[in-house]
Every structure is written in C-alpha cells, then in structure tokens.
Amino acid sequence: MNSIKTAFLMALLTVLLVLIGGAIGGKGGMTIAFLLAGGLNFFSYWFSDRIVLRMYGAQPIEERDNPRFFGMVRHLAGRAGLPMPKVYVIQDDSPNAFATGRNPEHAAIAATTGIMRLLNDEELAGVMAHELGHVKNRDILISTVAATFAGAITYLAHMAQWGAMFGGGRSDDDEGGGMFGMIFMAILAPIAAMLVQMAISRSREFGADAAGARISGNPLSLARALQKLEMGSQQIPMIANSATAHMFIVNPLTGGGMMSLFSTHPPIPERVHRLENISRTHDY
C-alpha cells in the first residue's frame with residue numbers, strides 16, 4: 001500500500017513542479033521542470049537518504065565507536081524482526097533523531113549527540129523503537145521523497161519570487177500567466193509542499209509511536225522522551241532545512257502563530273495521551 005502512496009506522491013509533486021515551471025517559463029519552463037522531476041524521481045528513490053544524511057553531517061558508526069547506542073539499535077531491530085540498519089550520529093546539541101532509506105534492507109537511523117545526553121537508556125530506546133517503527137511501516141521512502149521534492153519546489157518558488165521582483169515574468173497575454181502566474185505560484189508552491197509534508201507526517205507519527213511502543217515494550221518511556229524532546233528542541237533549536245523537518249521525531253523548527261497551522265508533527269500532548277492509552281490497554 002505504501003508503494004502505491006509513494007508513486008501517487010511522486011506523480012502529485014511532479015505535476016506541481018511542472019506547473020511551477022510553466023508559471024516561470026511557459027512551455028519551455030514546463031519541459032525543463034518535467035525533466036527535472038524525472039531526475040528527482042530517480043535520485044530521490046536511490047540517493048535521497050544519502051543526501052539527507054550528508055545535509056546534517058551524519059557520521060556512520062560501528063559498535064566500537066558507541067557500544068551503548070549501536071547495541072541498543074541492534075537489540076531493538078531484532079525485536080522488530082528487521083535487518084540491522086546503518087547507524088549514524090549527528091554532532092548537534094539539539095536533541096532529535098530520524099530514519100531514512102528506501103526500504104528496511106537499506107535503512108539508516110541517525111541521532112544527535114544532544115539526544116544521547118538528554119535521555120536515559122529506556123527513553124532513548126523508546127525513540128529508537130519509534131524510528132524503527134517508521135522503517136517497519138515503510139514510511140521512510142515516502143518521507144524522504146517528500147523532503148527531496150519539497151526542497152526542489154521551494155527552490156523553484158524562490159526563483160519565481162526573484163523573477164517577479166526583478167520583472168523576469170512574461171506579459172500576461174503570454175502562455176503561463178506571465179507575472180501574475182509567477183507571483184501566484186511563488187506563494188502557492190511552498191504552501192502546497194508544506195501541506196503535503198504535513199499530511200504525510202502527522203498520521204505516520206502516530207503509527208510510528210504505536211509501533212515503537214510495541215517494539216520497545218515500554219510506551220511510557222517513549223512518552224517521557226517526547227516530553228523531554230519537546231522542551232529540549234525549544235531550548236536548543238536545530239539549524240534544519242524546512243524541507244526535511246517532517247523526518248525528525250519532533251519538529252526541529254520552532255515557531256508559533258500561523259506556522260503552527262502548518263506543523264509537520266502532531267502536538268506532543270496528543271502523542272503522549274495516545275501512548276498512555278496504549279500502556280493502559282496493552283500488556284507489554
């Protein structure tokens with residue numbers, strides 16, 4: 001089912017990319033955007049995990065480098081019935097973690113040094129179980145594809161904004177809507193990309209929380225970890241790309257007001273409440 005959803009997402013974002021290309025450059029822009037989308041489809045499937053990991057300076061580790069963390073992931077992967085993922089550490093004081101890869105056989109889990117200092121072993125295990133829940137639910141490909149396309153859409157939208165500011169648009173009687181089309185797409189595209197990310201992430205975070213509770217056998221440890229991570233990420237925000245924010249266990253970006261309407265993550269209190277219900281209704 002997730003394979004169908006991934007294909008649908010790729011098609012949807014391809015159309016959006018082509019529309020932006022048309023708004024910027026008419027038929028020629030649409031052709032270039034279509035070719036760009038084809039390249040993105042290929043690279044996002046095969047290489048987007050490496051791009052995201054490199055974006056955050058994630059370094060691969062082996063058991064000798066960090067026995068506590070590596071051994072924990074190996075134990076939880078065994079409980080989940082998953083192949084051992086590649087394990088990465090990000091040198092960042094902001095506490096957070098994410099999973100990426102195109103399938104369980106090519107998965108990677110990354111955690112910041114900040115999360116390892118903030119959480120005790122049970123809480124960190126809950127977080128790693130959550131990330132393995134994404135792997136088990138096969139969420140990681142669709143999340144990484146969304147990140148790749150959202151980044152490209154935002155980049156093209158910025159090009160459209162600069163083109164509109166400096167009079168780069170075509171006249172309104174040209175195909176593609178001219179200046180009005182450029183301004184419209186420059187505003188619409190980032191919002192559309194954000195809404196796609198939000199729709200993808202919110203439901204999947206609940207699913208990964210539930211899967212993480214099963215894998216770790218301790219829903220309340222994950223609940224405590226989420227509460228600590230919410231406070232920790234607010235105190236020490238991560239310098240993160242908005243296109244990849246939905247991949248992290250808690251939103252690495254801070255902001256209230258209108259930005260909260262487009263949050264890629266469900267509210268932490270709601271996630272904690274659901275985990276507490278799981279603890280009461282299930283015997284782990």
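The values are calculated or read from the model by the stated rules, or taken from the named source; none is laboratory data. Because the structure is predicted, anything quoted here is derived from the model rather than measured. Don't worry about glycine lacking a Cβ; one is built from the backbone with ideal geometry, like all the others, and counts go over all protein chains shown.
Picking from residues in the stretch 97-127 that are touching a residue at least 60 places away in the same chain (Cβ under 8 Å), touching a strand residue (DSSP E or B) at 6+ places or on another chain (Cβ under 7 Å) and part of a helix (DSSP H, G or I), the one that is farthest from TYR56 (Cα to Cα) is VAL127. Residues that are free of Cβ contacts under 8 Å to residues at least 12 places away in the same chain and of a type in the set (Lys, Arg) within the stretch 47-96 comprise ARG50, ARG54, ARG64, ARG74, listed in sequence order. All conditions but one from (1) in a loop (DSSP other than H, G, I, E, B); (2) among the acidic types (Asp, Glu); (3) closer than 18 Å to ALA208 by Cβ apply to ASP93; the one that does not is (3).
Annotation note: of GLY167, GLY176, GLY212, the sole residue that is at pLDDT below 60 and either surrounded by 21 or more Cβ atoms within 10 Å (Cβ to Cβ) or of a type in the set (Ser, Thr, Tyr) (or both) is GLY176. Per the conditions (1) basic (Lys, Arg); (2) within 25 Å of MET231 (Cα to Cα); (3) in contact with a His (Cβ under 9 Å, 6 or more places away or on another chain), the sole criterion not satisfied by ARG68 is (3). Checking TYR284 against (1) modelled with pLDDT of 70 or more; (2) part of a loop (DSSP other than H, G, I, E, B); (3) hydroxyl-bearing (Ser, Thr, Tyr), which test does it fail? It is condition (1) that TYR284 fails.
Table: residues versus (1) buried (at least 16 other Cβ atoms within 10 Å of the Cβ); (2) of a type outside the set (Phe, Trp, Tyr); (3) modelled with pLDDT under 80; (4) in contact with a Ser or Thr (Cβ under 8 Å, 6 or more places away or on another chain).
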| residue | (1), (2), (3), (4) |
| --- | --- |
| ILE20 | yes, yes, yes, no |
| ILE24 | yes, yes, yes, no |
| MET30 | yes, yes, yes, no |
| ASN41 | yes, yes, yes, yes |
| SER48 | yes, yes, yes, yes |
| MET55 | no, yes, no, yes |
| ALA58 | yes, yes, no, no |
| ARG64 | no, yes, no, no |
| PRO67 | no, yes, no, no |
